[in-house]
Amino acid sequence: MAVGERNGENADFPEPAHDVRICPRGLTITTGQRTFSAGAYIMFGFYESAGRFHDLSTRGLTLTPTTARHPPAAGRRLAFSEDFNRIAWKSRWNGDHSSAYEFGDHNPKDNKLDWLTPAAVSARNGVATFTARPARRLLDNGRHAWSTGLLTTEDTAEEFTARPGDYAETRVRLPQAQGAWPAL
């Protein structure tokens, strides 16, 4: 069995297996341990019999990150975790203001063009996505703002605060565009 990404690229294609049993009740195969990032995949395979190749039916495979699969580093204790299947606004996350911004939702004096908008953050299948778009707002510095997203626990029921010496693990895909200023 092999695993491919939805765009057709092979994500994992192991060596031929010789311990496969195909029977009326299904397929049994044992492979070595394999690791995939969260996302949607397609499992596919084929077998050879009497010099002919036969395709097996494909199946979808969706993986979401869980604490069980991603335990903390050795010697560390998990204090906070998020699976990003949905965003629990106000109870766990705040996205419309931060004390890091002079005016709560924007900070033009620091040459920042972002204007915080919770609608610019979405969560699905274990991934939080932040989208920046030109906004119609004009900042005090005369420049046009961008609607952008932020997630903070500040002013929420969770109110988690990182302190000196705390340990954090994250997996982040950063934008390649010039001018983006992602922060964790």
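For this structure, a couple of remarks:
- Yes/no for Asp155 being touching a residue at least 60 places away in the same chain (Cβ under 8 Å), farther than 30 Å from Gly75 by Cα and open to solvent by 40 Å² or more (accessible area, probe 1.4 Å): yes
- Verdict on Thr170 being closer than 29 Å to Tyr41 by Cβ and either part of a loop (DSSP other than H, G, I, E, B) or at pLDDT 85 or above (or both): yes
- Screening the range 64-77 for residues that are at pLDDT below 70 and of a type in the set (A, V, I, L, M) and picking the one that is most open to solvent (accessible area, probe 1.4 Å) gives Ala68.
- Some residue of the range 169-182 being in contact (Cβ under 8 Å) with a residue 24 or more places away in the chain, open to solvent by less than 70 Å² (accessible area, probe 1.4 Å) and either within 30 Å of Ala74 (Cβ to Cβ) or touching a helix residue (DSSP H, G or I) at 6+ places or on another chain (Cβ under 6 Å) (or both): yes
- Condition check for Asn125: within 30 Å of Ala40 (Cα to Cα), touching a residue at least 60 places away in the same chain (Cβ under 8 Å) and within 17 Å of the chain's Cα centre (by Cα): yes
- Qualifying residue in the range 116-136 (condition: assigned to a loop (DSSP other than H, G, I, E, B), open to solvent by less than 60 Å² (accessible area, probe 1.4 Å) and modelled with pLDDT under 75): no
This table checks each residue for (1) touching a His at 6+ places or on another chain (Cβ under 8 Å); (2) within 22 Å of Gln178 (Cβ to Cβ).
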position: Phe103; (1), (2): no, no
position: Asn107; (1), (2): no, yes
position: Asn111; (1), (2): no, yes
position: Leu116; (1), (2): yes, yes
position: Arg124; (1), (2): no, no
position: Ala128; (1), (2): no, no
position: Asp140; (1), (2): no, no
position: Thr148; (1), (2): no, yes
position: Ala157; (1), (2): no, no
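The values are calculated or read from the model by the stated rules, or taken from the named source; none is laboratory data. These numbers come from a predicted model, not from an experiment. Glycine gets a Cβ as well: all are built from the backbone with ideal geometry, and neighbour counts include every protein chain shown. All accessible areas refer to the heavy atoms of the entire protein, side chains included, with ligands and DNA or RNA removed. Shrake-Rupley method; radii C 1.70, N 1.55, O 1.52, S 1.80 Å.
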